[in-house]
Amino acid sequence: MYKPILISVLFVFLASCNTIKIKEGDVFDVKRTIHMESFSQMPYEPEKTTITTPDSIELESWFIDNPESDRTVLYFGGNGFVLETSYHIITSILKQNVDLLVFNYRGYGRNKGVPTIEGIKSDALAAYDYLVDEKNIRTDNIILHGHSMGSFIATYTASQRGSSSLVLESPITDLDDWSKTVLPWILRPFLKIEADSALSKSSNLRHIDELNMPLLLITGKDDNITPPEMAEKLYHASVSQKKYLLIIKNGGHNNLPEMELYRRALNRFYSQDKELKSLKDTLIDPSSILGS
């Protein structure tokens, strides 16, 4: 009884040749902060600090110092990242014997301003410059680590400032490729995605072939938000002489920091004194997904 109705509805929907419009503000999942005490079990006590951007926006941030470490991770979160709701991310990085700088983008948490692509790029460079100018950390001791949307920010920062190495977690290639990857093929003739120019200009594919530094691409095999095909495309496009692609079984888009394999991979890559290839059965041949 319901089948003919469903078919009719689907036909009308497809025949209308709908357009999905994505505005710049749509990619930001802004959450408010709660309180710092929610991380009472963190291995190190964070230093609460403020980073000031060139347009005078003050960004709440935590710098977590490990006296035994000479490497610092600058972490760029995804579109829903705020400090106080990211316990697993922060602790999984800290356990790898590194210093860590994490911060909220403009418009996130208690920060003033409205998140835009250009604004967040400015935030990222301000955070990087804070490490160099205020903490006296050498460029070759800074590791850039970006998750999802933050992968755009990480490659951008690397292209503008440089770093010792780069981690792209659940990365995006670019918006056009993402739309083709996540839309079922049967709907592609009937749907199209229109995005603000600021979004369409953001491309990891464009930056990745200019960055010759150690690169770790890490993603979940079951990630249906930024599918692992995109990490593989970035692997192939990279000119790095030392690059790795790690696809974690049963890994999704946001749960990788909770997995032991993820933490082991970070430990080996951050330290750069061990080869990731010794992680047996976990480094996937890039051809296994795209078939190339």
Expressed in nanometres to one decimal, the distance between label points 7 Å along Cα→Cβ at Gln272 and Lys249 is 3.2 nm
Built amide H within the under 5 Å cut-off of Ser165, gap 5+ | Leu144
Förster radius 35 Å - calculated FRET efficiency between Asn136 and Asp222, Cβ distance, rounded to 0.05 = 0.25
Could you work out the local net charge near Asn255, counting Lys and Arg as +1, Asp and Glu as -1, over the other residues with Cβ closer than 11 Å to its Cβ?
-> -3
Kindly rank 145-156, 112-123 from highest to lowest mean number of other beta carbons found within 10 Å of each residue.
-> 145-156, 112-123
Asn66 paired with Glu258, simple spin-label distance in nm, labels 7 Å along Cα-to-beta-carbon = 2.3 nm
Entries in Lys48/Lys135; Lys95/Lys135; Lys135/Lys243; Lys48/Lys95 that, when Cα-Cα distance is taken, lie over 23 Å | Lys135/Lys243
Point-to-point label distance, Arg110-Ser159, nm (Cα→Cβ direction, 7 Å offset) = 3.5 nm
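Readers should treat all values here as calculations from the given coordinates under stated rules, not as data from a laboratory. The structure displayed is predicted, hence computed values, not measured ones. When we count neighbours, we look across all protein chains shown, and the Cβ atoms used for this are built from the backbone with ideal geometry, even at glycine.
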